[in-house]
C-alpha cells in the first residue's frame, strides 16, 4: 500500500496541458475529472487560458496556490520532461503521463522516457505511464483519464497494458452493467507497473478481485514475491497475451527445448496463485464470478434444471473441469422424492421437468442448498411454456441470502423470454449466463482459487547449509580460464557432488594407465567416454565403451576410443577419457534447468533416457522460492511418478532422495547465475537413494 | 432425400388433438401452423369441436375430405397408437408425434412406443417423435410445433435431441437475429432420427450448414455411412453431450482401457468429417460462421486492428488454433507503408493506430484482401476517440462483396459505441463478435472443414483376398468347445497368421520333449511361457523363461516352470507350455482393438511395451471403412511415429508392413464380430517387416 496511499485519492489534481477545445485529450480529462464527482480541487494548467470548463486555469503548476497531490500530464512529448520537473519542484508526489511518443516509437523515444523516469526518481515522484489512457477510481471518485465515460461503481480492479483494450472494456462494461473499483491503463510502465498496482489493489477495501490484461511482466522476481502475497488475500486473474510472440528461443539443452516460450509465465502464475484467463471473455466471466460469489468450500456442484439436455451439458462440463457432481444425502433424496412429481430426476442434476413452475424450483433448490454435500449450485432454465423465470429468480435471490457461503450461478437459456429474469439476477449480484458452460467454468475458477488459498503457506525455501560454494566457484574458474562454456562430465559431477547431489563416480584420465588406476579405485565394471566439449554425440564416433570389467578391457577401450576419435574427428580437442563407474539401473529420470529471461531459473523433472524429447513427460517449477511441497507436486504431475511409486509390482523409488536432489539443483542454479543450462539425464532413481549419471552444465 | 421428400412441405396437414383452449399444446400447434404462413391446407382434428382458430375441425382424420400428407399427433399417450392407425388407413405418409409418455417413462412406455413404431411400419408411415416439440421449416413455410414463436428465416438446419434446448435456442436466436432453414425436435427417435434428417438437410437447397445437439446416435454404422456423404456436401456441426454419462466401461485389455468412454464418438465424428462443438456457444458460433462465410482457401489469416492489444490476443489465438498469420507480399508491405502513418504496424497484424478512421481502415483492408497470401481477414476495432465504427463497417461490407472467397469476420470490442456497427455487420451477414477469440475460433472451424473437404475421397476399404476365414473359424470353434473365451498364445498367433499378420513362431508343448522338438523346429533361442488362460501375470509366478539356447536349457526351463506354477497356483488349469522363438528386438508397438457399442470395432496403435498404459501414446480409428490413408494418419498422430521414421539416426521402420498389419487386424475384427478385444503387444517393427510377439484375443 504505502507507495500509492493517495494516488487514487489525492487532495488536489493538476491537469497539465488542459484544453478548452472539445475533443482534445486535455479537454476530455478535465471534463472526466469534473463529471466523475471528484471531491478534491481540480487545477487546469495551460499558459494560454485563464478558465477551462468553468475552472480557473493556471499558467504553470508552480503557479497553483495550494498543494497538489497528483498531476496528469497531457503536453507534447518534447515538453513532458520539463513539465515533470516543474511538478517535482512543486512537490507533487504522483504523475499520470498520458502523452505518447516514448519508448513505443523506438530509440529516440526510449531516451526521452529514460530522462523522464530519471526526473521522477530525482524528485521521488511515482509515475503512471507514459503513453497511457489514465486511471479512474469509482470510490474516491476520480476519473483522471480521457475515456469517453466513467466506469460504473463496483469491486473489480482492472489493470490493462493496452489502452485501447481498457477503453473497449469500459464501453462494454457499461452496456452489461459491470462495475469497477479502479481502472488503470498501465501504458509503458516507465515507473509504476502491475506490481505496485496489484499490491495496492490487494490492500484496497473496495476491491474484491483483481483482473489484468498484460503483455509482459515488469520484473519477474519482484512480480513473484509481490503477487504471491496478493493472491493470498484476493483472487488475481490475468490474461497474458503475446504467448506467440516470444518465438522459439534457441535452446541447446533438452530442458530448454521442452520448456517452450510460454511455459515460464504459466509456471510463474501457477506458483504464485494467479488464475490465468485464456481469453478476454474468460477474464471477465471469472472476474464477475469472483466479484459476486463466495469461494465455495469444495468442488461438489449441484444442478437444478427444468430440462434434461442442458443438465447433461452441464454435467459433462462439471467433469471436464475437474469438479464433481454432488451426491445428495439420503434425506435430501427422500425429501425431493416426496415433493417432486414421480417423473422428476431426483439425483443430481435435479430435473423439475418442463412443467415445473417457480414453486417447484424453489422447493428443489431449498433442499439442494440445505444438503451438506453441496458446495455450489447452478440453476438452469429453459423457456418452456409454463416456466416462470422471474418468480423462480426471486426464489434464487432469497436462497442466495439464506446460503451466503454457497455460490449460486444461473444458466438461463433463451432470449426475450429470459430478459427480465436475467436483469433481476444482475441486480441481485448473481452471475447468470445464456448457456450452462460459462457457469461451470466460473465455479471451476472459484474452486481452484479456494484450493490454492487453503494450501498451507509452506513458505520456507529449502536451505542446504552443507553445500560447498567455494568448490563450485573453483571449477567454474578453471573452465572459464580454459576458455570453455561447457563443463566436462567429471567437472559437472564434481559440481553436483559439491552441492550434495549423488553423482556416479567419474574421473578424467589422460593415459591408459591412469584410466586403469581410476577404474580400480571406483570398482568394475566401468564405462569409458571420450572427454571433449566439441563432441556432442559421443556414441556416433565410437567414443563410448561400456561394461568394461578388467584392467585389460579398460586399457584396450582407451586405445580404441582414441583411435576412433582421431580417425573420425581429427580436429577435435580431446581432454582425455572419462572413466565412470557403471551404476545399477534404476528408474530413468531427467532433472534439468533452463533460464527464463523474466522469471529466472526453471527446474524440470520427469521421465529421462534417450526418449525424453519424444515422450515430453516433464514438469516445471521456478527455482525461486521453491518449497518441498512444490517439488512433490512437480513430481506428482509427471507420468514418471507412476513408475516412482512402484509400477507393476516394482519397488517404489526413494522420493525423499529425489526431492532433495531437485531442491539442491535449484539451490545450485540460484547460487550461480552464471549457470545457463543443466541436464542431468539419466538420473537413476533407486529404492534407496539415486545416482546422477550424465550431467551437462553450460555456463555463460 | 427420397424418404422425406414432402415431410417439410406437405400439401395438407392434419392436427390430431387440436384444441380450442389457449395454452394447450393442441392449440399452440394450430396457431403456429396458421401464423407460419403455411400455404397448404390445415385440418384440425377433434371430435368435440367443429371449428378451431377459425378453421373447420374434423372429428377424425378419416373424415377429412382431401388427401393429407402430414399428421401432427397431440392426443393422450393411450390414444396415440389408435390415432396413428387411423392416419395409416387414411394413407398419410408422415407423422409428427408430440405426445410424451413413451420409452422415456420406462418399460410400459417402451412397449407402447414399440406398438406405435410397428403401426407406422405396417402402413409405411415415417414418424418424427414421439415425445418431441415438433418441427418447422422457414422456406415452406411451416411450423408444426408448439414453440412460442416461429424461427426467423435462415440457412441453418438445427436438429435437437432435447426439446427444451430447441425451445431455448429458438428464443435466443430471435433475440440475436439468427435464422434457420429448419428446426427439428428429434424426441425419442422412435423411427426417424438424426440420420435421415442430416441426409435430407444435406440435399436441401435452402440449408447451408447443419447444426445438431445430440445425446446419442441412433445407429452407429448407418450414421457413419450417411454422415460421411453429407459432410462432403455441407458442414455438419454436432454438440454431443453425455460424454460423462457413459461412465467407465469394464475393459480388460490395454486397448479398451485406453479408449475411454467418449473416444468412439470423437473418432467417429472425425472419420466422417463432423465438426464437433464443445459447447452450445461454440455450436452456434460455428454455425453462424459456416452459414455466412465462404470456406477459405487456406489457413493464412490477416488481422487489421486499431490497437495493439487485441491484435496480440488475436495472434495468440491464430497460433493456438493451428492457423498461421499471413505473410504479406513485398508489394502489399510497400503499399501499406506508402499509405499508412509511419508508426503504423505494416506486418500482420496491421495496426492502423488509435487515431485511424474509416478511410485508413478501408485502405489497409483493401491492400490486405488483395494480397494472394491472405486467405481470410479479421477486423478488430476498439472504440477509440476518433474510431468510425459505422463508416468502417460500410467499407467492410463492400470489400466482402469484392472478395467473396475470403471470409471476413469482425471483433468489435465495446458496448454502446459499437452497437450500430455490430447491427450493420449482422444485416450484411458478416459474423461479428465482442472479442477477438470467437472470430479466430470460427475461422479455425472453416479451415478445418475446408481441409477435410479437400481430402481426396480415398473411399476404398482395404481388401485382403488372401485371408483364411475358415482357419480362424475352426480355432474359435475349438476355443468355445473348450469352454474358454480367451485364446492361448499359440491359438492367437495362428489366427493372426491366417489373416496374414506376421506372428512370431509359437507352439504349445505338453512335455519337455515336445518343447525341445518345437524349439529345434523354430530355431534357438526360444522363450518358454506357461499356457493357462487363468494366469494373467505369468512372470510373477515364475511362468516365463527367456533366452533358452539349447535343448538342455529348454528341458530344464520346462520342468522349473511347471514346478513354480504348481507351487504358487496349484488350482490353475495348465494347458502346457508355449515355446516361442525369440525375435530380434525392434521398435516396440501395440496394435489393438476394442469394441464400441455404437460404432463397432476401434483399432488402436502406438508405443507398445510394458509402459503402454503409462505413456498412453495410442491413436484410434474405427475399423469400419478404414482406408490406407486413415491408417497412415493414425500412425502419424502417435509419438511412436517419430521413432518409426528413424529417431536419432536409427533406421526407419517398415511403414507399409505396419499399415498392412493394421489393415489386416481391422479386416479380422470386422469379419469376426465375436472377437471382443485384441491386444498385440509388443509388435516389433523392423527396418524390413515386423513381428507380432504377444497376441491376446478374447471372444464372446
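Answer with yes or no whether residue A:388 is in contact with a strand residue (DSSP E or B) (Cβ under 6 Å, 6 or more places away or on another chain), away from every other protein chain (no Cβ under 12 Å) and over 17 Å from residue A:300 (Cβ atoms). Give the derivation first.
Numbers: in contact with a strand residue (DSSP E or B) (Cβ under 6 Å, 6 or more places away or on another chain): no; away from every other protein chain (no Cβ under 12 Å): yes; over 17 Å from residue A:300 (Cβ atoms): yes.
So residue A:388 fails the test.
Test residue A:194 against the criterion of being buried (at least 18 other Cβ atoms within 10 Å of the Cβ) and either outside the structural domain of residue A:599 (by TED's automatic domain parsing) or modelled with pLDDT under 90 (or both), and give yes or no. It would help to see each step written out before you state the result.
Details: buried (at least 18 other Cβ atoms within 10 Å of the Cβ): yes; either outside the structural domain of residue A:599 (by TED's automatic domain parsing) or modelled with pLDDT under 90 (or both): yes.
Yes: the conditions hold for residue A:194.
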Next on the checklist: So, residue A:210, is that one surrounded by 23 or more Cβ atoms within 10 Å (Cβ to Cβ), more than 14 Å from every other protein chain (Cβ to nearest Cβ), on the phi < 0 side of the Ramachandran plot and not in a loop (DSSP other than H, G, I, E, B) or not?
Outcome noted: yes
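Which of the residues that make up the range B:272-320 are in a loop (DSSP other than H, G, I, E, B) and within 11 Å of chain A (Cβ to nearest Cβ)? Can you show your working first?
Kept after step one, since they are in a loop (DSSP other than H, G, I, E, B), are these residues of the range B:272-320: B:272-274, B:278-279, B:293-299, B:306-307.
Within the range B:272-320, B:278, B:279, B:306, B:307 qualify.
Per-residue answers, yes or no, for (1) in contact (Cβ under 8 Å) with a residue 12 or more places away in the chain; (2) in contact with a strand residue (DSSP E or B) (Cβ under 8 Å, 6 or more places away or on another chain); (3) crowded, with 24+ Cβ neighbours inside 10 Å:
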| residue | (1), (2), (3) |
| --- | --- |
| B:139 | yes, yes, no |
| B:143 | yes, yes, yes |
| B:148 | yes, no, no |
| B:153 | yes, yes, no |
| B:156 | yes, yes, yes |
| B:162 | yes, yes, yes |
| B:167 | yes, no, yes |
| B:178 | yes, yes, no |
Checklist entry - Taking the stated definitions as given, is residue A:696 out of contact with any strand residue (DSSP E or B) (no Cβ under 6 Å at 6 or more places or on another chain) and under 25 Å from residue B:648 (Cα atoms)? => result no
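On the given criteria, is residue B:82 part of a helix (DSSP H, G or I), surrounded by fewer than 21 Cβ atoms within 10 Å (Cβ to Cβ) and within 14 Å of chain A (Cβ to nearest Cβ)? If you could, list the steps in order and put the result at the bottom.
Working: part of a helix (DSSP H, G or I): yes; surrounded by fewer than 21 Cβ atoms within 10 Å (Cβ to Cβ): yes; within 14 Å of chain A (Cβ to nearest Cβ): no.
Considered against the rule, which asks whether it is part of a helix (DSSP H, G or I), surrounded by fewer than 21 Cβ atoms within 10 Å (Cβ to Cβ) and within 14 Å of chain A (Cβ to nearest Cβ), residue B:82 comes out as no.
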Item to check | Residues located in the range A:558-585, provided they are touching a helix residue (DSSP H, G or I) at 6+ places or on another chain (Cβ under 8 Å) and under 29 Å from residue A:685 (Cβ atoms) | outcome: A:577, A:578, A:579, A:580, A:581
Next on the checklist: Suppose we filter A:559, A:541, A:506, A:546 for residues that are farther than 19 Å from residue A:479 by Cβ and crowded, with 16+ Cβ neighbours inside 10 Å; which single one remains?
Outcome noted: A:541
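So, in the range A:515-526, how many residues would count as being free of Cβ contacts under 8 Å to residues at least 60 places away in the same chain and either out of contact with any helix residue (DSSP H, G or I) (no Cβ under 9 Å at 6 or more places or on another chain) or in a helix (DSSP H, G or I) (or both)? Walk me through it before giving the result.
Initially, the range A:515-526 is screened for residues free of Cβ contacts under 8 Å to residues at least 60 places away in the same chain, giving A:516-517, A:520-526.
Of the ones still in play, those that are also either out of contact with any helix residue (DSSP H, G or I) (no Cβ under 9 Å at 6 or more places or on another chain) or in a helix (DSSP H, G or I) (or both) are A:516-517, A:520-523.
Residues flagged as free of Cβ contacts under 8 Å to residues at least 60 places away in the same chain and either out of contact with any helix residue (DSSP H, G or I) (no Cβ under 9 Å at 6 or more places or on another chain) or in a helix (DSSP H, G or I) (or both) within the range A:515-526 amount to 6.
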Checklist entry - Before we move on, is residue A:117 modelled with pLDDT of 95 or more, surrounded by fewer than 24 Cβ atoms within 10 Å (Cβ to Cβ) and under 28 Å from the mean Cα position of the chain (by Cα)? => result yes
Checklist outcome for this item: All-but-one check, residue B:387 against (1) without any contact (Cβ under 8 Å) to a residue 60 or more places away in the chain; (2) assigned by TED's automatic domain parsing to the domain that holds residue B:359, failing number (1)
Checklist entry - Just a yes or no: is a residue in the range A:56-66 within 19 Å of residue A:147 (Cα to Cα) and either modelled with pLDDT of 95 or more or within 14 Å of chain B (Cβ to nearest Cβ) (or both)? => result no
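Matching residues to (1) within 14 Å of chain B (Cβ to nearest Cβ); (2) out of contact with any helix residue (DSSP H, G or I) (no Cβ under 6 Å at 6 or more places or on another chain); (3) in a strand (DSSP E or B):
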{"residue": "A:588", "(1), (2), (3)": "yes, yes, yes"}
{"residue": "A:592", "(1), (2), (3)": "no, no, yes"}
{"residue": "A:595", "(1), (2), (3)": "no, yes, yes"}
{"residue": "A:601", "(1), (2), (3)": "no, no, yes"}
{"residue": "A:606", "(1), (2), (3)": "yes, no, yes"}
{"residue": "A:609", "(1), (2), (3)": "yes, yes, no"}
{"residue": "A:619", "(1), (2), (3)": "no, no, yes"}
{"residue": "A:630", "(1), (2), (3)": "no, yes, no"}
Next on the checklist: Conditions first: (1) more than 14 Å from every other protein chain (Cβ to nearest Cβ); (2) touching a helix residue (DSSP H, G or I) at 6+ places or on another chain (Cβ under 9 Å). Residue B:204 passes all but one, so which condition is the exception?
Outcome noted: (2)
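Got a sec? Which of B:668, B:643 is assigned to a helix (DSSP H, G or I), closer than 19 Å to residue B:502 by Cα and in contact with a strand residue (DSSP E or B) (Cβ under 9 Å, 6 or more places away or on another chain)? Break it down stepwise before answering.
Numbers: B:643 fails: closer than 19 Å to residue B:502 by Cα.
Within the list B:668, B:643, the selection yields B:668.
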Checklist entry - In this structure, is residue A:429 within 14 Å of chain B (Cβ to nearest Cβ), over 25 Å from residue A:694 (Cα atoms) and under 33 Å from the mean Cα position of the chain (by Cα)? => result no
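Might you check whether a residue that is without any contact (Cβ under 8 Å) to a residue 24 or more places away in the chain, assigned to a helix (DSSP H, G or I) and in contact with a helix residue (DSSP H, G or I) (Cβ under 8 Å, 6 or more places away or on another chain) occurs anywhere in the range B:536-547?
Filtering the range B:536-547 down to residues without any contact (Cβ under 8 Å) to a residue 24 or more places away in the chain leaves B:536-540, B:543-545.
Checking the rest, the ones that are also assigned to a helix (DSSP H, G or I) come to B:539-540.
Filter once more, so that each one left must be in contact with a helix residue (DSSP H, G or I) (Cβ under 8 Å, 6 or more places away or on another chain): B:540.
Yes, because at least one residue in the range B:536-547 is without any contact (Cβ under 8 Å) to a residue 24 or more places away in the chain, assigned to a helix (DSSP H, G or I) and in contact with a helix residue (DSSP H, G or I) (Cβ under 8 Å, 6 or more places away or on another chain).
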Item to check | Selection from the range B:321-335 of residues that are closer than 15 Å to residue B:373 by Cα and in a loop (DSSP other than H, G, I, E, B) | outcome: B:323, B:326, B:327, B:328, B:329
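Based on this model, can you work out whether residue A:337 counts as under 34 Å from the mean Cα position of the chain (by Cα), over 21 Å from residue A:385 (Cα atoms) and more than 9 Å from chain B (Cβ to nearest Cβ)?
On the way: under 34 Å from the mean Cα position of the chain (by Cα): no; over 21 Å from residue A:385 (Cα atoms): yes; more than 9 Å from chain B (Cβ to nearest Cβ): yes.
Criteria not met by residue A:337.
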Next on the checklist: Here are the criteria: (1) within 14 Å of another protein chain (Cβ to nearest Cβ); (2) surrounded by fewer than 19 Cβ atoms within 10 Å (Cβ to Cβ). Tell me which single one residue A:19 does not satisfy.
Outcome noted: (2)
Checklist outcome for this item: In the range A:632-649, residues that are touching a helix residue (DSSP H, G or I) at 6+ places or on another chain (Cβ under 8 Å), farther than 23 Å from residue A:456 by Cα and in contact (Cβ under 8 Å) with a residue 24 or more places away in the chain total 3
Item to check | Hits in the range A:98-114 (condition: touching a strand residue (DSSP E or B) at 6+ places or on another chain (Cβ under 7 Å) and either more than 13 Å from chain B (Cβ to nearest Cβ) or closer than 17 Å to residue A:215 by Cβ (or both)) | outcome: A:99
Checklist entry - Taking the condition without any contact (Cβ under 8 Å) to a residue 24 or more places away in the chain, over 12 Å from residue B:190 (Cα atoms) and more than 29 Å from the chain's Cα centre (by Cα), does residue B:86 pass? => result no
Next on the checklist: Condition (residue is away from every other protein chain (no Cβ under 14 Å), more than 36 Å from the chain's Cα centre (by Cα) and in a strand (DSSP E or B)) applied to the range A:28-42: is it met by at least one residue?
Outcome noted: yes
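The values are calculated or read from the model by the stated rules, or taken from the named source; none is laboratory data. In this text the structure is predicted, and so the values were computed from the model without any measurement. Counting neighbours? That spans all protein chains shown, and the Cβs are built from the backbone with ideal geometry, glycine included.
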